[in-house]
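The values are calculated or read from the model by the stated rules, or taken from the named source; none is laboratory data. It should be emphasised that the depicted structure is a prediction, and the values quoted were computed from it without experimental measurement. Every residue, glycine as well, gets a Cβ built from its backbone with ideal geometry; the counts of neighbours run over all protein chains shown. Side chains included, ligands, DNA and RNA excluded: accessible areas come from the protein's heavy atoms. Shrake-Rupley method; radii C 1.70, N 1.55, O 1.52, S 1.80 Å.
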Amino acid sequence: GREFFDNPKDLYTGYQISPQERDELRYDVIAGTTCLEGLVADYYNDSTRIFDYINSFGAHAMFIAFGNIDCNDGNIPLDFRHELEDRLSNEILEPKQLGQVIGGATGVNMSYIDLIVFNRTTFINVIKPLLLQYKRYSFYLSDFKQHAEVIPLTEA
């Protein structure tokens with residue numbers, strides 16, 4: 001009588017953490033959701049175990065980062081992150097079979113959209129025109145591991 005999930009992306013877990021005063025990405029996170037808890041845990045434990053496992057299949061665990069520029073009265077704009085997640089999924093990742101959104105997080109200064117990407121080069125080329133529609137934001141792409149190169153996608 002239990003419901004069975006045959007696709008991990010259908011089961012999300014929410015998490016809350018205390019932001020830290022560090023310069024690295026994702027250390028400002030307050031809350032997020034993920035369907036790959038181990039990947040998030042590995043990131044904060046400076047491990048690449050699950051990241052390497054995903055990459056061994058030719059896929060890339062990555063995240064897009066962008067600033068929370070519309071914070072009014074301390075309210076972080078979650079609507080924009082969710083709108084962008086939906087557009088990425090519905091307009092690029094799924095129709096072009098380039099990957100999946102696997103979660104996202106909101107921090108004090110930045111927001112993050114977590115992804116599994118099947119073709120990194122094609123993804124970068126295809127996503128830039130979509131992100132250029134949001135001229136007020138600067139977007140960055142990083143592998144889902146600490147000390148990774150941060151690739152600027154667009155500049156505000």
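Of note:
- Checking GLU94 against (1) open to solvent by 10 Å² or more (accessible area, probe 1.4 Å); (2) touching a His at 6+ places or on another chain (Cβ under 9 Å), the condition it does not meet: (2)
- Qualifying position, being in contact with a helix residue (DSSP H, G or I) (Cβ under 9 Å, 6 or more places away or on another chain), open to solvent by less than 30 Å² (accessible area, probe 1.4 Å) and modelled with pLDDT of 95 or more, among ALA61, ALA65: ALA61
- Answer from GLU24, GLU37, GLU94, GLU85 - the residue that is in contact (Cβ under 8 Å) with a residue 60 or more places away in the chain and either farther than 16 Å from GLN146 by Cα or under 16 Å from the mean Cα position of the chain (by Cα) (or both): GLU24
- Restricting attention to the stretch 19-38, the residues being of a type outside the set (S, T, N, Q) and more than 23 Å from PRO152 (Cβ to Cβ) number 8.
Yes/no matrix, rows are residues, columns are (1) open to solvent by less than 20 Å² (accessible area, probe 1.4 Å); (2) more than 22 Å from TYR15 (Cβ to Cβ); (3) polar (S, T, N, Q):
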site: GLY38; (1), (2), (3): no, no, no
site: TYR43; (1), (2), (3): yes, no, no
site: ILE69; (1), (2), (3): no, yes, no
site: ASN90; (1), (2), (3): no, yes, yes
site: GLY99; (1), (2), (3): yes, no, no
site: LEU115; (1), (2), (3): yes, no, no
site: ILE124; (1), (2), (3): no, yes, no
site: PRO129; (1), (2), (3): no, yes, no
site: LEU132; (1), (2), (3): no, yes, no
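- Residues of the stretch 130-156 that turn out to be in a helix (DSSP H, G or I) and either modelled with pLDDT under 95 or touching a strand residue (DSSP E or B) at 6+ places or on another chain (Cβ under 8 Å) (or both), as a count: 1
- Residue list for the stretch 40-56, restricted to those being touching a residue at least 12 places away in the same chain (Cβ under 8 Å) and closer than 14 Å to ILE116 by Cα: VAL40, ILE50, PHE51, ILE54
- Among (1) at pLDDT below 95; (2) outside any loop (DSSP other than H, G, I, E, B); (3) open to solvent by 50 Å² or more (accessible area, probe 1.4 Å), the one test that PHE5 misses: (2)
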